[in-house]
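Peer 1: One structure, as C-alpha cells, below. Some questions next.
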Amino acid sequence: MRFTWTVLIMLSVGLPIRAAEPPNLAQIGVPFVAKYCVSCHGEKKPKADISLHTLTCDLSKPKELQVWQAVLAQIDSRDMPPKASKQPTDNERTQLLQSLTAAIKASGVVLDDNKWLSPVKGNYVDHQLLFSGVPAKEITGTKARLWRITGPAYEDYIDKLIKRFILGLRNYGEFRLTAPWNFTPQKDFPDYASAHRVGEAEIEYLLRNAAIVSQAMIKRHSGNVPSYGGYIKELATLIKAGMKATPEQADAVLTPTFRELFGREPSDREKERYGTFLRNTTASLGGAEAAEQLLIALLCQTEMIYRIEVPNKLGTPQKLDARSLSRSLAFALTDQLPDQLLQEAVAQGKFGTREEVAIQVRRILDDAKVEKPRVLRFFREYFGYDSAPNVFKDEVTLQKIGVRGARGWNADFYVSDADQLVLSVLAQDRDVLRELLTTTKTFAMTNPPQDRRGTKSDEYRLKKPNFEQDEQTLIKVYELPIKARADWDPKKTYDFPEGHRLGLLTHPAWLVAQSGNFDNHAIHRGRWIRERLLGGRIPELPITVNAMLPDEPHHTLRDRIKVTREEYCWTCHKQMDPLGLPFEQFDHFGQFRKEEMVVDREATADKKNLNKNGLPRQTIHKLVPLDTTGEVSGSIDPKLDGPVKDPFELIRRLAHSEHVEQVFVRHAFRYFLGRNETMADGPTLIAAHQAYRKNGGSMKALITALLTSDALLYRTNQ
Amino acid sequence: MSRMDRRSMLARTLSTGAATLAFAPLLNKLSALEAGTYKTPKRVVFVLFGNGFHEKGSIPKELPAPQLEGKKTTTYPLEKLTLPHDIEPFTPWKDRLAIVHGLRAGSVHPDHGAGFGALSGMNVGVGDDKIRNVLGESIDAAVARKLGGIFPLLNLGIDPGQPNTKAIRCSSAWGAGQPLAAQCRPELAYESLFGGIGATKNDFATRKNLLDLLNDDIKELRSQLRGTELVQLDYQIEAFESLSKRNAKLAEMFDKGVLAKSAPKLPTPYPVKFTDTVTAQFDIATSAIVTGLTNVVTIATELCTIRGNYTGISDMGTHGVGHNEKDVKLGIAGLEILPLVRRHIAERTAALLGRLKEMPEDGGTMLDNTLVVFTSDSANRQHTHGENWPFVLLGNLGGRIKTGQLVVYPISKDSPTYSGTENRHMTAAADNPTINALYNTILHAVGAQRDHFNLIGADQKNPAMTGPLKELLV
C-alpha cells in the first residue's frame, strides 16, 4: 500500500479528521466521485449495484445520505478506490473526508470524533510501513496523559490498606469497596488511556469509599496504641486532641500520612495545600474531624485515580521520572503499586535507564510469587473468550442438545479451562501464539472464579461421587473419556479427540463467546480473525443498514448469511464471512459436529404434530449436510490467501504466518501501552517482534521489549 | 407578593397533612417570588422497564388488538373502557391517562433493550454496543435542561436481582459522550439526595470543601496536557465544580432542616429483591420531587438491557422470562410473569401519582403539573423489531397533554409474538411517526420547543415525523 503522509500524520497524533472550516461537500464530493468512482459506479452495470453519478450532495434525501455514508466508510478505510485503480492524492482524500464528515454530521448523524483513539482503529496504521524498518528520526514516546488505574488495581490498594491497618471492614460481597468506575461495560481492550472519563458518579463513589475507610482509620487511631498492624502516631495525637488540637499537631500529621498511604513525601505544593486545609479544618471542626477529612481527601486525590504520566516540563519528549515510571510499570503487569524491590530500586536511583527498567521487568515476569493478572487478562481480552458466560442460552435451545434446564449449562467452566490453558502455555513460554492457536489439549472443569461459582473448591467437588449436570454437559461438549470422578483431575490436561479441535479458536469458550443466543455468529468470528490475526480493517456499519439475518430456522446459517452476498454488503462481508463460516464445524455450544440441525418445516406443520388449536406441539428438526469451507482473501501477506476446506486448515495457515505474529505484537502493544500504535512506534514494534522470535516465541521477551521501549519511558506534551 | 401573603400561604400549606413535605418547594417558591421569577414548576418522570410492553398489557380489555387495525389514526375515549391487568393501578387516573400505540422505533434497535437508544431515539448500534455508545442527548436530559433543579436529572436504576451494583450508565446522556450514571442502590441515592441516614452534621458543607480542595489539586495538571487528554481532565474538573455547587445548595437545605423532614424512610435491612428495590427507588424519587430537589426523574428498572432476575416475583433469569420459559417453582410461564412485573411497577408509579396528588400547589396539586412517561426500553417485546412502541402517558403537565384517550396510529398487522401462546404484537405502518416525534411533543409541552428531536436526514423537515403530535399536544 502506498505511503500517505497526511492520513498517517493524523493518526500519529491521534486526532480525528477535522478542520476549522470544512470544505463544502458540493464543491469537493461530486468532482471526487466523478474522477475516482463513477467509472465503476456509474450508469451502466454499476458495481455493487451502487451508482454515484447522480449524487447531488443533498443529504436530506434518505437514499443520498445512505450512499454518502457508504462512501465515507470506504474512503475512510482506504478500501476504495481499489488498489489497481487510480488513487486520489492525500490532499483530495483528506478534503473529501473533512467535507463529507461535516455534511453527514449536519444531517443529524452522530459521528464519533474520538473513534480513531479506540483499539479497533489501531489497524488503520499501515502495517507494511510499520514493519518496513524505517528508523525513527527522534524519540517520540507517548503523549502526556492521565491513565486511569484499573478497577482491580484500585480495589487491591483499598483492600491492602484495610488489612495493613486492620480496619475491621468487611470488604467482601455486598460490602466490598468496589472501584468507582466500572459503570459502562467495555469491549476490546477496555483499559485504554483515552477511553475513560471521571465524572460526577465516579467522584461520588470515590468519596463514599474514602469516607468508609477514613472513618475506620479514625476509629483505629482513637483508642489505645494497637500491638500490631499499621498505626500513624501523629494522626492519633491529632484525633485525640479533639477541639483542643493545635496547628502544630495538624502540621505533624501530613508527612507520615503521605508516607503510609503513598510511600512518599508530600511535595511542597501538597504540603502547602493540604497543610492549609488541615489547619483550617482543625481550627473549625477539631482534630478528629480534620483527620477524617484529610484522609478522605488523600484517598480521592489524583494519584488514587490515575497513573500520572506527564513530563516535568514543556518541550521535547522527556523520560518519565522514576517514581511515575515505576507506577506505570507495576500497573502494566501486576495491577498493584510497585512492590518492595521496585520501590527500593527507585529510592536507590537504580531505576531510570532502559537496562534498569528491563532488569525489573524480567524480575517481575520471572518471579512466580509476583502475581501478574494483567498478562492473563491480555489474552482474555485479545481472544475475547471470557465473554462466553454473557451469551444467554435458553432452555429450549439447551434441550436441543439434550441438556435439561439451565443448571446443565455453565459457561464459566469453559472460560476457566481456557484461562488455565493460556497459563500453561505461558509457563512454557515457547511459540506462545502458535501454541495457543494449535494446541489439541484442554483442562477440564477447572474451578471458575468463586464469585460466580460459589465456594465449590476442587477438593469439595472431588469428594462428590457423581458429576453435576453442568459438568456432564462439559464432558460431552469436550468429548472426553471421563466416566467417573476418579478419572478426573482438574490440574491435568486432556487430549481432545483427534481431528476435532485445534487451539483456542476451536475451544468452546471462544466459540460460545463468538456465538448468539440461538446460532453461531460466523460474521463475528470472521471479523475477529480479520482484525486480530490478519490486521484488517472493517468499515463501520452504515447507520441506515438493518443488520439482521432472515429468521429462517429451516435453513442453515450458511444459507441465511447469503443475504450479505448482495454487492452493497459484500464489499465488507467478503472480509468476514468466509473466515467465520469454517467454524460451522461446531454448533453454538462449541460441540464438534458432522451434520447441521435445522427446523423441519413440513414435519413441524404436519397434522400429526398439531394441537387442537392448530398450533404445533413441538418444533421438529432434521439433519442436513455440513459445509465447513471458507477462504482467506485480501491479506497483506498474499501467502495466506486461498480457499480452506475446514477451520483446521485455516488455523494452521494462520498459525504459521509471520504476518499474523506481527499483528499479534501490535495488539500486545495496544494493551500494555494503553493506546494505538503510530508510525513513530514502528521501530518499537519491530524490536518487540524480533525479541519474540529470537527468543523462540517468548511472551516474556515480547512484554520486556514493549515495557522498555520509548513508548513507556518517554512522554511529550508538545 | 406581600409578606403577609407569603405568611398566609405558608400557614395554609402547613395546615395540610403534607405540610412538612411541602415546606421545601415552598422555600424555593418564596425565593422565586421575591425575585419575580416564579412559574409553576413542571415535572416529568420517565419510567422504563425491560422485556417489552406487550400490547396485551396496554390495550383496554374491550378493544382486542385486531380491532385496532386500520389505516387511519384513531382515538378512543378511555372513560368507559377497562384498563388491562398490567396498568390497572392507573384506573383512578384514567382521566389523566393517554395510551399510545403505533409509534415506530425508527433507527433505534430495541430488541433486548434499546440501551441509550430508548430515550435518545438514535441508532446507537446493535447488541452490547447499545449500552456503550452514547451518541447524543436523551429526552430526559433535554427536558431537564429546561426544567432545571438542584439535581437537574435524577437517574435511578435497578439491577434486577443484583444488589451489589452501585451505578451503571444505561439510559440518559447530556449529549454525545456525556452519559449519566443511574444510581442503583436506594441507600446510596438517599445519601446523595438527603445526606447520611440520621446524620446530625452537615456532610454536604464539608463535602463541598473537599471537592474544592480536590479540584484545585487536579487543575494543576492542566498545563501539562494537550488535546484529548486535556478534554478528559476538563470533564473531571467540570464534574467537581458541578458537585461543589450542588453540595452548597444541599448544605443550605440541610441547615434549614428541609432534607431531614422530607427524606423517605428506607426499609431496613436495605432492599435486596428486585420488587423491594423498585419500591424504594420510587419512594426516593417521590420524596426528591416533593422536596423540590429535582423536576426530572428517570427510573430504569432493568437498565435498558436484559440482565438479572425479577427476585420477589420469580427467580428465573429475566431473559428466560422474556423467552416464555416456565418458572418451575411458580408453575407459570414467562409471559405470565411479565404482567406481574409490569403491574408492580405500575403500582409504584400510581403510588407516586397519589403522593403528588396530596401535595398542594398553586391552587391545585403537584400532580396537575406532572407527566409520567411509562414505557419499555424494549418496545413491545423482548425480541422486537421495534414494529410498535407502546407508551402510557400519565398526567397532563398543566393541561398541555391531551389525556383520557387511547391513540392508535395506523396499525397494519397483528402477528403472534411467540408460537403456541396467545400473545400477539402489532406492526405500525411504515410511515408512522417514530418515538422521536413523541419526545419532541414532550419538549413542546414543557416549553422547550425544537424543530425535531434527534432525527436524521429528510425526517428533520417532515412534519409527520418531527412532531409535536397533534393527537397528544394541546
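Every number here is computed from the coordinates shown, using simple stated rules; none is lab data. Keep in mind the model is a prediction, meaning the values are calculated, not measured. Don't worry about glycine lacking a Cβ; one is built from the backbone with ideal geometry, like all the others, and counts go over all protein chains shown.
Peer 1: Against the 2.2 N^0.38 Å scaling, with N counting residues, where does segment B:343-474 land? I'd like the Cα-based Rg ratio to two decimal places.
Peer 2: Dividing the Cα radius of gyration by 2.2 N^0.38 Å gives 1.19.
Peer 1: Can you pull the Kirkwood radius for segment B:212-315, inverse mean 1/r over Cα pairs, to one decimal in Å?
Peer 2: Evaluated on segment B:212-315, it is 17.3 Å.
Peer 1: Under 21 Å from the Cα of B:Lys80, which lysines turn up, not counting those fewer than eight places away in the same chain?
Peer 2: B:Lys80 reaches B:Lys56, B:Lys61, B:Lys94, B:Lys402.
Peer 1: Then there's this: Which value, in Å to one decimal place, does the Kirkwood hydrodynamic radius take for segment A:566-718 when every pair of different Cα atoms is included?
Peer 2: With all distinct Cα pairs of segment A:566-718 included, I get 19.8 Å.
Peer 1: Take the Cα radius of gyration of segment B:51-192 and divide it by 2.2 N^0.38 Å, with N its residue count; two decimals is plenty.
Peer 2: Details: Rg = 17.9 Å, N = 142, 2.2 N^0.38 = 14.5 Å.
Taking N as the residue count of segment B:51-192, the ratio is 1.24.
Peer 1: Still on this structure, I have one more. Tell me the relative contact order for segment A:472-560 as a rounded percent, counting alpha carbon contacts under 8 Å between residues six or more apart.
Peer 2: 14
Peer 1: Output wanted: per-residue J couplings in Hz (rounded whole) for segment A:311-325, from phi through Karplus 6.51 cos²θ - 1.76 cosθ + 1.60, θ = phi - 60°, x for Gly and Pro.
Peer 2: x, 6, 8, 6, x, 5, x, 10, 5, 4, 5, 4, 5, 4, 5
Peer 1: Right, something else. Over segment B:317-408, how many percent of alpha carbon pairs lie in each 10 Å bin up to the one with the longest distance?
Peer 2: 14, 34, 29, 17, 6, 0
Peer 1: Using only Cα atoms, what is the ratio of the radius of gyration of the protein assembly as shown to 2.2 N^0.38 Å?
Peer 2: Working: Rg = 31.0 Å, N = 1192, 2.2 N^0.38 = 32.5 Å.
With N residues counted in the protein assembly as shown, Rg over 2.2 N^0.38 Å equals 0.96.
Peer 1: Next question, about the same structure. For a quick size check, give me the Cα extents of chain B along its three principal axes, largest first, whole Å.
Peer 2: Projected onto the principal axes, the Cα atoms of chain B cover 61, 57, 53 Å.
Peer 1: Moving to a separate point now. Magnitude of the Cβ-charge dipole of segment B:287-400, K/R +1 and D/E -1, about the Cα centre, nearest 20 debye? Spell out each step's value before the answer.
Peer 2: Values: 10 positive and 12 negative charges, 25 e Å.
Dipole about the Cα centre, nearest 20: 120 debye.
Peer 1: Then there's this: Any chance you could count the Lys pairs in segment A:17-113 whose alpha carbons are under 20 Å apart, treating pairs 8 or more apart or on different chains as valid?
Peer 2: Value for segment A:17-113: 14.
Peer 1: Per-residue ellipticity at 222 nm for the protein assembly as shown, helices alone: DSSP H runs ≥ 4 residues times -39500 (n - 2.57), over residue total, nearest 500 deg cm²/dmol?
Peer 2: Taken over the protein assembly as shown, the calculation gives -12500 deg cm²/dmol.
Peer 1: Quick one: plug the Kirkwood hydrodynamic radius of segment A:76-156 (C-alpha pairs) into Stokes-Einstein at 20 °C, 1.002 mPa s, and report D in µm²/s. Mind showing how you got there, number by number?
Peer 2: Numbers: Rh = 16.9 Å.
Here the translational diffusion coefficient equals 127 µm²/s.
Peer 1: Convex hull over the alpha-carbon atoms of segment A:128-173: what's its volume per residue in Å³?
Peer 2: In segment A:128-173, the Cα convex hull volume per residue is 161 Å³.
Peer 1: Could you work out the relative contact order of segment A:17-113, using alpha carbon pairs under 8 angstrom and six or more residues apart, expressed as a whole percent?
Peer 2: 38
Peer 1: I'd like the projected area of segment A:381-654, averaged over all directions, using the convex hull of its alpha carbons. Report it in nm² with one decimal.
Peer 2: The Cα convex hull of segment A:381-654, projected and averaged over all directions, gives 17.5 nm².
Peer 1: Quick one: compute the contact order of segment A:148-307, relative version, from alpha carbon pairs under 8 angstrom and 6+ residues apart, as a percent. If you can, show how the numbers build up before the last one.
Peer 2: Numbers: 167 pairs, mean separation 42.1, N = 160.
Result for segment A:148-307 is 26 percent.
Peer 1: Given segment A:324-386, report the % of alpha carbon pairs whose separation exceeds 17 Å.
Peer 2: Of all Cα-Cα pairs in segment A:324-386, 40 percent lie more than 17 Å apart.
Peer 1: At q = 0.13, 0.19, 0.32 Å⁻¹, work out log10 I(q)/I(0) for segment B:91-141 with the Debye formula, treating every Cα as an identical point scatterer and leaving solvent out; two decimals please.
Peer 2: With one equal scatterer per Cα and no solvent, log10 I(q)/I(0) is -0.39, -0.64, -1.19.
Peer 1: So for segment B:360-432, what are the equivalent ellipsoid semi-axes in whole Å, largest first, each being the square root of 5 times an eigenvalue of the Cα gyration tensor?
Peer 2: Equivalent-ellipsoid dimensions as semi-axes: 33, 13, 10 Å.
Peer 1: Please state, rounded to one decimal and in Å, the Kirkwood hydrodynamic radius that segment B:208-257 gives when every pair of distinct Cα atoms enters the mean of 1/r.
Peer 2: Taking every pair of different Cα atoms in segment B:208-257, averaging 1/r and inverting gives 11.8 Å.
Peer 1: I would also like to ask the following. May I ask you to work out the translational diffusion coefficient for segment A:279-351 at 4 °C, viscosity 1.567 mPa s, via Stokes-Einstein with Rh from the Kirkwood sum over Cα pairs, reported in whole µm²/s?
Peer 2: Approximately 88 µm²/s, per Stokes-Einstein.
Peer 1: Here is a further query. Could you work out the percent of alpha carbon pairs in segment A:170-259 separated by over 22 Å, rounded to a whole number?
Peer 2: Details: 1973 of 4005 pairs.
Everything past 22 Å amounts to 49 percent.
Peer 1: Would you kindly calculate the mean projected area, averaged across all directions, of the convex hull enclosing the Cα atoms of segment A:669-718, in square nanometres?
Peer 2: The orientation-averaged projected area of the Cα hull of segment A:669-718 comes to 3.4 nm².
Peer 1: Continuing with this model, one more query. What percent of all Cα-Cα pairs in segment A:148-307 falls into each 10 Å bin, going from 0 up to the bin containing the maximum distance?
Peer 2: 10, 38, 34, 14, 3, 0
Peer 1: Given the Cα atoms of segment B:135-195, and with Rh set as the inverse mean 1/r over their pairs in the Kirkwood sense, what is Rg to Rh to two decimals? It would help to have the intermediate numbers written out before the result.
Peer 2: Details: Rg = 12.2 Å, Rh = 12.2 Å.
That ratio equals 1.00.
Peer 1: Sticking with this structure for a sec: Grab the eigenvalues of the alpha-carbon gyration tensor for segment A:472-613, scale each by 5, take roots, and send me the semi-axes largest first in whole angstrom.
Peer 2: For segment A:472-613, the ellipsoid semi-axes come out as 31, 26, 11 Å.
Peer 1: Viscosity 1.567 mPa s, temperature 4 °C: give me the Stokes-Einstein translational D for segment A:17-113 in µm²/s, with Rh taken as the Kirkwood radius over C-alpha pairs.
Peer 2: Once the numbers are plugged in, D ends up at 96 µm²/s.
Peer 1: Output the direction-averaged projected area (hull surface divided by four) of the convex hull of the alpha-carbon atoms of segment B:435-474, in nm².
Peer 2: Mean shadow area of the hull around the Cα atoms is 2.4 nm².
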